[in-house]
Amino acid sequence: MGMVGGGRGAFIGAVHRIAAAMDGQIELVCGAFSSDPQRSRESGADFFLPADRCYGSYQEMIAGEKARPASERMDFIAIVTPNHMHFPPAKMALENGFHVLSDKPATFNFAEARALAGIVKKSGLLYGLTHNYTGYPLVKQAREMVRSGALGKIRKVVVEYPQGWLATRIEASGQKQAAWRTDPKRSGAAGCIGDIGTHAENLAEYISGLQISELAADLTTFVKGRKLDDDGNVLLRFKGGAKGVLHASQISVGEENNLNIRVYGEKGGLEWHQREPNTLLVKWPDQPMQVYRTANGYLSPAALAAGRTPPSHPEGYLEAFANIYKAFAATIRARHEKRKPTAIESDYPKITDGLRGMAFIEAVVASSKKNAAWTKLAV
């Protein structure tokens, strides 16, 4: 792979590199690691890449790799930049024959997402999105249980993602991650909802198998001087009649990344917490609560395929992230082998998920501006 962004001083780039390397299926061969050409080349040297594959810009990288023999060039690009720089390199890569795996959200706004969906379709190439929480083994188990009908028809979904790191205006102190995430010119129309609310939305749809049809949202900017929302509360209506509640916050003091979800059907319910990712609670009206644990033989094939360690050995964020990369690599390999990838191999978020995420952001912002009026998603 080639990487766009993620150089010296970046946070998420290192996570992507670890995830990509974990299963030995992907090699970082080139990159444009910074908007500063010199820093980009210095960052490439940090990763022991040859100088001629440490590029000064993503345009230079895509052109340079395309000029190489097919057997030597990169297979795909990983985009790990702030939101406003997701669409341009994705567009150029797809138009020049390279697959794309991008950090979320897919683009800066919904208009770009629609354009990107058209480019992906026209190119016939692969596009993936690192909604990494869908990579956890027991998230996959939860999804399979819902799919099998074990819980009956789904009635309610409650998903929460509270953090506390933006409880004060740390962006004013020069904190790099806070600075771009709270800047509408780089983050987009939403702050908290775009950053972590989209993870909650994606997780809810992934596990339940349902799509949000409309919502009523109340966004707040609690920290004085901040330009984007830092807290959001959203009522959800799903196609098919299920209802839901989504809460995302970055001013919940003392919280770290407390993502959790509860799904209730006619026959039973389930509960999963990222803070205890190896445990899935399954609840029934007429029998004791069941505790499912990662890596045990009673799990579904999808859940077992997502695990790497024996039972009781903890697996977490990096491994879940790596499962997205592993599936994306397996799907590329299937193409090289001229075969259809299996359901497990192709289980990664795609452009449709990216489009829904951007439609979710747009609907939330529009609803909140209208005093939480019910607003339909535009997809």
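The values are calculated or read from the model by the stated rules, or taken from the named source; none is laboratory data. Everything numeric in this text was worked out from a predicted model, so none of it was measured. Virtual Cβ from ideal backbone geometry, glycine too; neighbours counted across all protein chains shown.
Of everything in region 22-36 that is without any contact (Cβ under 8 Å) to a residue 60 or more places away in the chain and of a type in the set (A, V, I, L, M), the residue that is surrounded by the fewest Cβ atoms within 10 Å (Cβ to Cβ) is Val29.
The residues listed here are Ala90, Ala150; of these, the one that is assigned by TED's automatic domain parsing to the domain that holds Gln59, of a type outside the set (Asp, Glu) and farther than 25 Å from Glu256 by Cα is Ala90.
Restricting attention to region 183-211 and to residues that are in a helix (DSSP H, G or I) and of a type in the set (A, V, I, L, M, F, W, C), the residue that is surrounded by the most Cβ atoms within 10 Å (Cβ to Cβ) turns out to be Ile193.
Do we find a residue being among the polar types (S, T, N, Q), touching a residue at least 40 places away in the same chain (Cβ under 8 Å), assigned by TED's automatic domain parsing to the domain that holds Arg143 and surrounded by 15 or more Cβ atoms within 10 Å (Cβ to Cβ) anywhere in region 287-295? Checking region 287-295: at least one residue is among the polar types (S, T, N, Q), touching a residue at least 40 places away in the same chain (Cβ under 8 Å), assigned by TED's automatic domain parsing to the domain that holds Arg143 and surrounded by 15 or more Cβ atoms within 10 Å (Cβ to Cβ).
Being surrounded by 14 or more Cβ atoms within 10 Å (Cβ to Cβ), part of a helix (DSSP H, G or I) and of a type in the set (S, T, N, Q) is the filter here; which residues of region 37-58 pass it? Working first, answer last.
Taking region 37-58 and keeping what is surrounded by 14 or more Cβ atoms within 10 Å (Cβ to Cβ), we get 37, 39-44, 47, 49, 53-58.
Retained after the next criterion (residues that are part of a helix (DSSP H, G or I)): 37, 39-44, 53, 58.
Passing the criteria: Ser40, Ser43.
Considering only region 104-131, state which residues are among the aliphatic types (A, V, I, L, M), surrounded by fewer than 24 Cβ atoms within 10 Å (Cβ to Cβ) and in contact (Cβ under 8 Å) with a residue 12 or more places away in the chain. Result: Ala115, Ala117, Ile119, Val120, Leu125, Leu126. Looking at Ser34, is it in a loop (DSSP other than H, G, I, E, B) and of a type in the set (S, T, N, Q)? It is true that Ser34 is in a loop (DSSP other than H, G, I, E, B) and of a type in the set (S, T, N, Q).
Number of residues in region 299-313 that are out of contact with any Phe, Trp or Tyr (no Cβ under 9 Å at 6 or more places or on another chain), assigned to a loop (DSSP other than H, G, I, E, B) and buried (at least 17 other Cβ atoms within 10 Å of the Cβ): the value is 2. Find the residue count for region 344-370, including only residues that are without any contact (Cβ under 8 Å) to a residue 12 or more places away in the chain and either assigned to a loop (DSSP other than H, G, I, E, B) or surrounded by 16 or more Cβ atoms within 10 Å (Cβ to Cβ) (or both). Here the count works out to 2.
Looking across region 280-298, the residues that are assigned to a strand (DSSP E or B) and either modelled with pLDDT under 95 or under 13 Å from Ala150 (Cβ atoms) (or both) come down to Leu280, Val282, Lys283, Gln290, Tyr292. Does region 80-93 contain at least one residue that is farther than 23 Å from Arg53 by Cα and in a helix (DSSP H, G or I)? Checked region 80-93: at least one residue is farther than 23 Å from Arg53 by Cα and in a helix (DSSP H, G or I).
Based on this model, can you work out whether Pro277 counts as assigned to a loop (DSSP other than H, G, I, E, B) and in contact (Cβ under 8 Å) with a residue 12 or more places away in the chain? Taking the combined requirement at face value, the residue satisfies it.
Out of (1) assigned to a helix (DSSP H, G or I); (2) touching a residue at least 12 places away in the same chain (Cβ under 8 Å); (3) outside the structural domain of Arg8 (by TED's automatic domain parsing), the odd one out for Ala179 is which? In the conditions (1) assigned to a helix (DSSP H, G or I); (2) touching a residue at least 12 places away in the same chain (Cβ under 8 Å); (3) outside the structural domain of Arg8 (by TED's automatic domain parsing), Ala179 misses (2) alone.
Examine region 104-115 for a residue that is in contact with a strand residue (DSSP E or B) (Cβ under 6 Å, 6 or more places away or on another chain) and within 17 Å of Thr182 (Cα to Cα), and state whether such a residue exists. Looking for residues that are in contact with a strand residue (DSSP E or B) (Cβ under 6 Å, 6 or more places away or on another chain) and within 17 Å of Thr182 (Cα to Cα), one finds at least one in region 104-115, hence yes.
Conditions (1) under 30 Å from Gly164 (Cα atoms); (2) β-branched (Val, Ile, Thr); (3) out of contact with any helix residue (DSSP H, G or I) (no Cβ under 8 Å at 6 or more places or on another chain), marked per residue:
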| site | (1), (2), (3) |
| --- | --- |
| Val263 | yes, yes, no |
| Asn278 | yes, no, no |
| Pro285 | no, no, yes |
| Leu318 | yes, no, no |
| Tyr325 | yes, no, no |
| Tyr348 | yes, no, no |
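Considering every residue within region 126-137, establish whether at least one is touching a Gly at 6+ places or on another chain (Cβ under 6 Å) and assigned to a helix (DSSP H, G or I). Yes, some residue in region 126-137 is touching a Gly at 6+ places or on another chain (Cβ under 6 Å) and assigned to a helix (DSSP H, G or I).
Table: residues versus (1) within 28 Å of Glu27 (Cα to Cα); (2) within 18 Å of the chain's Cα centre (by Cα); (3) surrounded by 22 or more Cβ atoms within 10 Å (Cβ to Cβ).
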| site | (1), (2), (3) |
| --- | --- |
| Met74 | yes, no, yes |
| Met85 | yes, yes, no |
| Asn96 | yes, no, no |
| Tyr133 | yes, yes, yes |
| Tyr136 | yes, yes, yes |
| Ser148 | no, no, no |
| Lys156 | no, no, no |
| Val159 | no, yes, yes |
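Do you know which of the residues in region 327-341 that are of a type in the set (D, E, K, R) and out of contact with any helix residue (DSSP H, G or I) (no Cβ under 7 Å at 6 or more places or on another chain) is surrounded by the fewest Cβ atoms within 10 Å (Cβ to Cβ)? Ranking the qualifying residues of region 327-341, first place goes to Lys338.
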